[in-house]
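First the structure, in the form of structure tokens, and then the observations on it.
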Amino acid sequence: MRQREPGLSGLHGPLELIKHFPGEPLAASERRRWVGLEALRYREQPPNEAFQPPLTHHSLVLLLRTPKEFELHCDGVNRVVPPSAGSILVVPAGSPARWRWSSHTDSLHVFLEPGLVERVAAEAFELDPARVSLPPLDGLDLPPLRVAMLAVNDELTADAAGGRLAAESLANLLAVHLIRNASAPHRPARRTDGALRQGKLRAVIEYIEDHLDGLTLEQMAAAAHLSVYHFARQFKAATGLPPHQYVVMRRVERAKQLLQGGDDLSLAEVAACAGFSDQSQFTHHFKRIVGVTPGQFRTPARIA
């Protein structure tokens, strides 16, 4: 049975693969609310020729039992012989693929969100995520990657507590192994960012002052027209502080003004006006930076 090939401009969610592959999966992650990771487990999958549309996620396929005949065609990969059992094949996000197998097979499909792989590249490897790419990979024999995928299989086929947290941890582990091993020959050079330019720095500082009661790193980066990765590094180079520490410092300064302003605000109200999520967080950061609690700071002002 051949599947109709959709237009390649549209990306499909990873679990939509069920519509294109024969047989019902033994297990699927559809209702597990996993973050950064989805998975399908097939057992005794009947022979077929199937078109895999371009997906939003990187697709990692672990062949647990290989068929007598097997083909994979994807972006320069043209395999026409079965790989050995335990091999891993990788189809990058956005790439279509055509599969053909001649007899029943067992396989595990793990789908990784590209944004997660980019975050791991930036945080764990100090790589520029804009330059991190994953090529199609054919018949990998990487025991650490295989062990991590089998751990995903265990979480997928079990109904154990803590599965969502375990899956999130495994997603990060899979990304580490992909970048460390599969992408090693294509590893981009490290990039050293300069300081944020004065015009952009002024715009960001103005934005921070106007939005102290509710800020995200993404919003600050957008004010500078930069990616989150480059903004964080350039902001620290310009100010000497990471963005979140700078924001905390400015919130403490605003709280000091409110405490000395003569308004009869409760400490909880001061915390809210300064942008802290609660009074406990406010007191912690205020004492750490100022050296005294907000109540102790305000008492001399009231006496005066």
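The values are calculated or read from the model by the stated rules, or taken from the named source; none is laboratory data. The shown structure was predicted, so the numbers you read here are calculated from the model rather than taken from an experiment. Ideal geometry is used to build each Cβ from the backbone, glycine not excepted, and the neighbour counts take in all protein chains shown. SASA here: full protein model, heavy atoms, side chains in, ligands and nucleic acids out. Shrake-Rupley method; radii C 1.70, N 1.55, O 1.52, S 1.80 Å.
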Practice task
Output the helices (runs of 4 or more DSSP H) that fall wholly within region 234-303 and possess 3 or more residues being closer than 30 Å to ALA222 by Cβ, modelled with pLDDT under 90 and of a type in the set (Val, Ile, Thr), or say none.
Solution key: none
Fill in the blank from the handout: Of (1) open to solvent by 30 Å² or more (accessible area, probe 1.4 Å); (2) under 23 Å from the mean Cα position of the chain (by Cα), PRO47 fails just (2)
Practice task
Tell me, please, whether a residue that is open to solvent by 20 Å² or more (accessible area, probe 1.4 Å) and either free of Cβ contacts under 8 Å to residues at least 12 places away in the same chain or of a type in the set (Ser, Thr, Tyr) (or both) can be found in region 11-18.
Solution key: no
Exercise for the section: Being small (Gly, Ala, Ser), surrounded by fewer than 19 Cβ atoms within 10 Å (Cβ to Cβ) and within 27 Å of the chain's Cα centre (by Cα) narrows it down to one of SER227, SER266, SER280, so name that one. Expected result: SER227
Handout entry: Elements of type strands (runs of 3 or more DSSP E) contained in region 1-116, each with 1 or more residues being among the β-branched types (Val, Ile, Thr)
Key = 58-65, 77-79, 88-91, 105-112
Practice task
Find the residue count for region 124-162, including only residues that are at pLDDT below 85, open to solvent by less than 30 Å² (accessible area, probe 1.4 Å) and small (Gly, Ala, Ser).
Solution key: 1
Handout entry: Near pairs, Cβ below 6 angstrom, 6+ apart or cross-chain, from region 252-277 (within 16 Å of LEU212 (Cα to Cα)) to any residue that is open to solvent by 40 Å² or more (accessible area, probe 1.4 Å) and in a loop (DSSP other than H, G, I, E, B)
Key = GLY275/ASP213
Practice task
Of all residues in region 101-117, count the ones that are in contact (Cβ under 8 Å) with a residue 60 or more places away in the chain and over 29 Å from PRO46 (Cα atoms).
Solution key: 3
